[in-house]
1. Take the residues of segment 143-161 that are within 12 Å of the ligand (Cβ to nearest atom) and of a type in the set (Gly, Ala, Ser): which is nearest to the chain's Cα centre (by Cα)?
2. Does at least one position in segment 76-93 carry a residue that is buried (at least 19 other Cβ atoms within 10 Å of the Cβ), assigned to a helix (DSSP H, G or I) and either away from the ligand (no atom under 16 Å from the Cβ) or of a type in the set (A, V, I, L, M) (or both)?
3. Out of contact with any helix residue (DSSP H, G or I) (no Cβ under 7 Å at 6 or more places or on another chain) and assigned to a loop (DSSP other than H, G, I, E, B): is that true of residue 319 in this structure?
4. Inspect all residues belonging to segment 56-77 and state whether any of them is in contact with a Lys or Arg (Cβ under 8 Å, 6 or more places away or on another chain) and either within 18 Å of residue 328 (Cβ to Cβ) or free of Cβ contacts under 8 Å to residues at least 40 places away in the same chain (or both).
5. Hey, any hits in segment 152-161 for a residue that's at positive phi and modelled with pLDDT of 95 or more?
6. Count, please, the residues in segment 175-195 that happen to be in contact with a strand residue (DSSP E or B) (Cβ under 6 Å, 6 or more places away or on another chain) and assigned to a helix (DSSP H, G or I).
7. Between a first residue in segment 191-215 that is hydrophobic (A, V, I, L, M, F, W, C) and a second residue that is surrounded by fewer than 16 Cβ atoms within 10 Å (Cβ to Cβ) and in a helix (DSSP H, G or I), which pairs have beta carbons less than 7 Å apart while being 6 or more apart in sequence or on different chains?
8. Based on this model, can you work out whether residue 282 counts as within 15 Å of the ligand (Cβ to nearest atom) and either within 18 Å of the chain's Cα centre (by Cα) or not aromatic (Phe, Trp, Tyr) (or both)?
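The values are calculated or read from the model by the stated rules, or taken from the named source; none is laboratory data. As the structure is a computational prediction, the values presented were derived from the model and not from experiment. All Cβ positions, even for glycine, are placed from backbone atoms using ideal geometry, and neighbour counts span all protein chains on display. For accessibility, only protein heavy atoms count, side chains too; no ligands or nucleic acids. Shrake-Rupley method; radii C 1.70, N 1.55, O 1.52, S 1.80 Å.
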Amino acid sequence: MLADLIITNAGELFTCQGPAPRAGARQADAGRLTHAAVASLEGRIVFVGSDADCREAVALAAGGRAVDAAGGAVVPGFVDPHTHLLYAGSRLDELRRRLAGETYADIAAAGGGIVRTVADTREASIDRLVDDGSRRLHEMLTCGTTTAEVKSGYGLCLEAELKLLHAAAALAKAQPIELAITFLGAHEIPPEFRGDREAYLELVIDEMLPAVARAGLAEWCDVFCEQGVFTPEESRRVLEAGLALGLKARIHANELGSTGGASVAAAVGARSADHVVFADENEVRQLAESGTVATLLPAAAFYLKLGRFAPARALIDAGVPVALATDVNPGGGFSPSIPFAMTLACFQMEMTFEEALVASTLNAAYALDRADRVGSLEVDKQLDAVIVGGPPAELLRGGVPAVRLVVKRGAVVWEAPPPFRSDRRE
Ligand SMILES: [Zn+2]
């Protein structure tokens, strides 16, 4: 057979093959092959298997490219199913103030926090949002992400939420990472509605959601279900209104306490319940029974210094499919790196490397309802892949760039610069 991209000489190749999602004990099977190769034609995988079989079965088409993995690991392109990457301004100064002892409440009282991001975002031009978003997506690409979710949610008024969704649509066409777009008008009650939360809820349900659906700007509807933000009843109203308009449901649930979000996810059949730092036995069972993915965001728990991480072991052992995401955002999602999320999953949440890898590929693709096309290296799926510059555990070294090359739809879209070699002449 013919291929226009062939990756050979993978010391280890992890297919992470379906059926999706991989839950319970199946999450630990990442489909490891050794001395392996993968090949694609026009973006679609035509071969995955041993190097020896590849040499016999696959021929390189004229103008095609052969990539030598040089014994490094090959894994599916990472899928990041939870980001807030569209916002204006930076709050890295607040990070330093928090490290020096100020609380989030102190910073918010002085005009910082999410209110500051909302003000900056409302003022920003769409070009500025696209430029900033494209820089953040490039960072994600260099860490191996080939598919990502992007939420609105820092506009909190019809005009600014639509501006964010239009920026997401522009970005989807302008760079290699495939985007799944989510409307999160119910991210927070904006300052001008603090005295009348019901009025804001009605704005989201009666005006924003229909406008977003009419314009075809979002695939998903999300809500921040948390103490002091949206109650479980309000969250359910938002998600059901979205579902009625054809927007699929996902939810921010149980980040700061057992505040009912996981139960709402199960009740409305949300594809994913995100954060789930807290989950009692009853909530874990509800998620398992509804088939909802628990998308865990350990970098958020880390940077917010929550003092605990999601109970990944209990979730996996109960048969809940677990995915991982970065939670890129201006207030606590400072790392765009899925390998960093995997590292925290392994060292703070007792997950194995294979479980973390499946969580970042096949199960994350399932969390975005894309597991039929991406998230694993299987014949007929899209070739999205990452070549690691060494054995797979290179991904867990923290802060060391481990990704050597990234492939999206069968094309090389990013390559690390070659290591420095002194070019001495005798
Ligand atoms: Zn979030």
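1. 152
2. No, there is no match, as no residue in segment 76-93 is buried (at least 19 other Cβ atoms within 10 Å of the Cβ), assigned to a helix (DSSP H, G or I) and either away from the ligand (no atom under 16 Å from the Cβ) or of a type in the set (A, V, I, L, M) (or both).
3. Against the criterion (out of contact with any helix residue (DSSP H, G or I) (no Cβ under 7 Å at 6 or more places or on another chain) and assigned to a loop (DSSP other than H, G, I, E, B)), residue 319 does not qualify.
4. yes
5. Filtering segment 152-161 for residues at positive phi gives 153, 156.
Now drop any that are not modelled with pLDDT of 95 or more, which leaves 153, 156.
Yes: one or more hits.
6. Residues flagged as in contact with a strand residue (DSSP E or B) (Cβ under 6 Å, 6 or more places away or on another chain) and assigned to a helix (DSSP H, G or I) within segment 175-195 amount to 0.
7. That search, which allows pairs on different chains as well, returns 193/199; 208/158; 211/158.
8. Values: within 15 Å of the ligand (Cβ to nearest atom): no; either within 18 Å of the chain's Cα centre (by Cα) or not aromatic (Phe, Trp, Tyr) (or both): yes.
The answer is no for residue 282.
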